1. What ranking of 21, 2, 168, 239 emerges when the number of other C-beta atoms within 10 Å of each C-beta is taken as an exposure proxy, fewest first?
2. Within region 135-224, list the trypsin sites (Lys or Arg not before Pro) lying in a DSSP loop whose Cβ has at most 14 other Cβ atoms in a 10 Å radius.
3. Quick one: Karplus J couplings for region 227-232, per residue in order, coefficients 6.51, -1.76, 1.60, θ = phi - 60°, nearest Hz, x for Gly and Pro?
4. Which cross-chain or sequence-distant (5 or more) residues have an amide H under 5 Å from the amide H of residue 312, H modelled 1.01 Å from N in plane?
5. Could you name the lysines in cross-link range of residue 151, using Cα to Cα under 23 Å and dropping any fewer than eight places away on the same chain?
6. Around residue 18, which amide H atoms from residues at least 5 apart in sequence, or from another chain, sit under 5 Å from its own amide H, with H modelled in the peptide plane?
7. To the nearest 0.05, how large is the calculated FRET efficiency for residue 199 and residue 269 if R₀ is 25 Å and r is the Cβ-Cβ distance?
8. For the chain, modelled as a Gaussian network with Cα springs under 10 Å, which listed residue fluctuates most, 47, 276, 231?
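Every number here is computed from the coordinates shown, using simple stated rules; none is lab data. Keep in mind that what you see is a predicted model, and the values were worked out from it rather than measured. Methodologically, a virtual Cβ is constructed for each residue, glycine included, from the backbone with ideal geometry; neighbour enumeration extends over all protein chains shown.
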Amino acid sequence: MMFTQRFPSYFDGVIAIAPAMRVSKGATIAAAWDTQALQAIAPPGADGQPVLSQALSNDDLGLLRKGILEACDAQDGLADGLVSNPAACKFDPKALQCTGAKTAECLSAAQVGALQKIFGGARNSAGQPLYFTRPRDAGIGHPANDWRAWKLGTSTTAQANSRHVFLMQDALQGYFVTPPDRSLSIYRFDFDRDPARMDAHAWIFNTGDDVKLAGYKARGGKLLFAHGLADPIFSPDEMVDYYQRLSREHGAATPDFARLFLIPGMAHCQGGAATDSWDGLGALVDWVEKGQAPQRIVASGTTVFPGRTRPLCPYPQYAHYNGSGDPEKAENFSCR
Ligand SMILES: [Ca+2]
C-alpha cells in the first residue's frame, strides 16, 4: 500500500494481502482490547493469577464455530463449512450462552461478553471506535486457524505466550509510542489516554487514509487486495472499509484498477478452514500484461478441505452455490 501511495512509479501491479494499514494506532489497540477482554475472564492458575490461554478452551472455540455455521453457513446456498456471504451473517455469541451453569454445550455469560467485545471492536470510554468490528466467520473457531496463537496462546501459567502479548507488547513499548515507554503494558493499555501516544508512528506508517491513489491510478497501476475473513490480527472489516472509501472516491471506475477478494475461513494471509491456495500473482500478471481483470480466481483447499475448489469473487460479490452439481467444484458456484 505504501508503494501505491508514495512510490507509485515503482510497480505496474501490486497485491496487498491483509494489509497492515494501521499496525500501531489500530491493530495494536485492538490487540490490547482483545487481550484485556480475555484476561478479565481467564481462570486463575495455581498461583492465583489469570491464565490467558484458558479464557476459551478449544472446545469453546469449536462451539463458536458450530454456532456461526448453524446461523450463517447456508446463507450462501450451501452448508459446506464456509460462510461465504459475510454481509448476511449477523450472528451474536449470545445465542451460545448457558441458561444455567457452564457446560460443554454452551458458553458462560463472561465468555459471551468477551467475544461480543472482540467482535464489536476496540472503543474508548465515550464509545467511539478505535479500530474495526470483525466478521462472524466460522474459521476463527477451527483449530487450523491461528486465532488461538494470536489472542490466547497455549501457556498454562500467568506468563502468557499469545502473539498479542509477546510480539505486540514489545513493539508497543519500544516502537509504537513516542517516546518509547518500557512501563507500558498491553494488559493496562488505557483506551482514552494511550492512543494519542501513537500519533507519531501512525503519521509515518499508516496507509489507511489515501484513497485517491492519484499517481498510481494515473499511470495505469493495478491493485489486487485479498483478506482472510478469519484473520485474527487485521480485521477484514478494515479492508472492506478501505475498499468502500476507494469506491466512493472513484465510482464505477474503481474495479478497473482495484479489486478486493475476501477469502472465507482464511486466517492471517494463509491457512485455516479455507480454500487458501490461489494464484494471485498469475491473476495480477494477466491483469497488468493482458488487460484481463480478474472476474473470479479459483482457489483450492489444502489441509482442511483437500480436493475442494471455490471461486474467490471480487467484492462486493461472493461465491454462491448454483444449487446443483458437485459441491466440491468451483464451476458450480457463481459470483453474485
Ligand atoms: Ca456455506
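1. Numbers: 21 20, 2 15, 168 23, 239 26.
Least to most surrounded, the residues fall as 2, 21, 168, 239.
2. Numbers: sites: 136, 148, 151, 163, 182, 188, 193, 197, 212, 217, 219, 222; in loops: 136, 182, 188, 193, 212, 219.
Counting only loop positions with at most 14 other Cβ atoms within 10 Å, the trypsin sites (Lys or Arg not before Pro) in region 135-224 are 182, 188, 193, 212, 219.
3. Calculated HN-Hα couplings, in order: 8, x, 6, 10, 5, x Hz.
4. Amide H to amide H, under 5 Å and 5 or more residues apart or across chains, residue 312 pairs with 297, 298, 299.
5. Candidates past the 8-residue exclusion: 25, 66, 90, 94, 102, 117.
6. 226, 227, 228
7. Values: r = 28 Å, r/R0 = 1.11.
According to the calculation, E is roughly 0.35.
8. Looking only at 47, 276, 231, the biggest GNM fluctuation is shown by 47.
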